[in-house]
Amino acid sequence: MKSFRDKRRDGRPHPARAEQPRPRDAFAAGRQQAAPAERRETKPAERQEAKPAPRVLARREGALPAERLPLILEVAPNADYALLDSGAGEKLEQYGPYRIVRPEGQAIWQRALPAKEWERADAIFTGDTDEEGIGRWRFPKTPLGETWPMKHDGIDYLGRFTSFRHVGVFPEQASHWDHMAGLITSARRPVKVLNLFGYTGLASLVAARAGAEVTHVDASKKAIGWARENQEMAGLADKPIRWIVEDAMKFAEREERRGSRYDIVLFDPPAYGRGPKGEVWQLFEDLPGLTELCRSILTPKPLAVVLTAYSIRASFFAIHALMRDTFAGMGGTVESGELIIREKSAGRALSTSLFSRWVA
């Protein structure tokens, strides 16, 4: 499963992520929104902080990387997570011991399971249907606590009921985690991983367990706190992970100036977000510059750069072209497509997000 970020399909915040548990775009949706109730109030000085001059971009010379598309990466039901059924704008999922019902705008088909199966849900998200909209959880049976124990491929972590319908994990990202772990293991050398918009940390834990030195960046203090809890729960407290509360763009710019370099970079930005000092992130405006930065902080022998985009009105061809242009002259291959979760009831595929990754 994922660090469990939900479908950015479900929304969650980033680069600039608020103090909210990542409505992926909850910041303005797309996994977030402009000003959720829990978001930290910025001080006047922070609101007035001038946005730095945009990075000057120029098209790279050199041959474009090879391409592989469309690539559909699928997560199938397992003992830890399963998409049990979907339809009529909702999805029924099994997270460990709990059955959960949440809104799902892409489930425009009809449910395959009978109503009695949906009525067995332990938790149902109600309220705003926007991915970044604030709502609440209803517990038809026994009231449940905020957290519960979960597991991904042997890594223990905490699931969480948040006001943005998310549960602290995004199962569809498991395909990227497995791919990354394989690259780290097969490298047979020290590997440094940068996880931008890291949320609650499952990707960072997978990388650290595989043997990498990890830098995890998120603009939300709350998300970083949850990630640290997950590290302790997973028994990986001795693994080298730096937890940093910072705006993703600012951190990458600083690493470029410092000469810090990474073998693998993961970034999963929201459509819109705010950083800890009021920095504003707009995906279509800022993504090209951040992608360029990610290339600039790679080691001489990099392994991969992985971009995931949730809740945006675009084709994966758009981010595919951006990644190929950015990595011109570096060889390798750009693989792009969609992350999907295979439904248990009728075998339908629920698309959760777009992605594009450059692999050396």
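A cut-off of 5 Å between modelled amide H atoms, ignoring neighbours fewer than 5 places along the same chain, links Glu104 with Glu90, Lys91.
For GluC sites (Glu not before Pro), the sites in segment 58-96 that DSSP calls loop and that have at most 11 other Cβ atoms within 10 Å are Glu61. Working out 0.36 nm times the residue gap between Asp156 and Ile108, then minus their Cα-Cα distance, what length gain in nm do you get to one decimal? Gain on stretching Asp156 to Ile108: 13.9 nm. Full extension of the chain between Ala349 and Ile72 yields a length gain of 98.7 nm, computed as 0.36 nm times the residue separation minus the alpha carbon distance.
Backbone amide hydrogens, once placed in the peptide plane, bring Gly198 within less than 5 Å of Val217, Asp218, excluding anything fewer than 5 places away on its chain.
Summarising the amide proton neighbourhood of Lys151: residues at separation of 5 or more, or on other chains, whose placed amide H is nearer than 5 Å comprise Tyr157. Residues in segment 228-233 carry Karplus couplings, in order, of 5, 4, 5, 4, 5, 5 Hz; the curve used is 6.51 cos²θ - 1.76 cosθ + 1.60 with θ = phi - 60°, and Gly or Pro positions show x. In this structure, the pairs whose alpha-carbon distance is over 25 Å, taken from Lys91/Lys221; Lys221/Lys301; Lys277/Lys301; Lys221/Lys250; Lys141/Lys222; Lys222/Lys301, are Lys91/Lys221; Lys221/Lys301; Lys277/Lys301; Lys141/Lys222; Lys222/Lys301. Where Rh denotes the Kirkwood radius from the mean inverse Cα pair distance, what is Rg over Rh for segment 231-322? Looking at segment 231-322, the ratio lands at 0.99.
Scalar couplings 3J(HN,Hα) for segment 82-95, obtained by applying the Karplus form with A = 6.51, B = -1.76, C = 1.60 to θ = phi - 60°, are 7, 8, 6, 6, 7, x, 6, x, 9, 9, 10, 10, 10, 10 Hz; x denotes Gly and Pro. The slack between Glu285 and Ala63, meaning 0.36 nm per residue of separation minus the straight C-alpha distance, is 77.4 nm. In sequence order, segment 137-148 has phi-based couplings of 9, 10, 10, x, 9, 9, x, 10, x, 5, 10, 8 Hz under the Karplus curve 6.51 cos²θ - 1.76 cosθ + 1.60, θ = phi - 60°, and Gly or Pro positions carry x. By the gyration tensor of its Cα atoms, with a ≥ b ≥ c the square roots of the eigenvalues, what is the shape of segment 186-237: rounded for a/c under 1.5, prolate for a/b over b/c, or oblate? Oblate is the answer for segment 186-237, as a/c is 1.5 or above yet b/c matches or exceeds a/b.
Laboratory data are not the source of any read-out in this text; all were calculated from the coordinates shown. All of these numbers come straight from a predicted model, not from anything done at the bench. Virtual Cβ from ideal backbone geometry, glycine too; neighbours counted across all protein chains shown.
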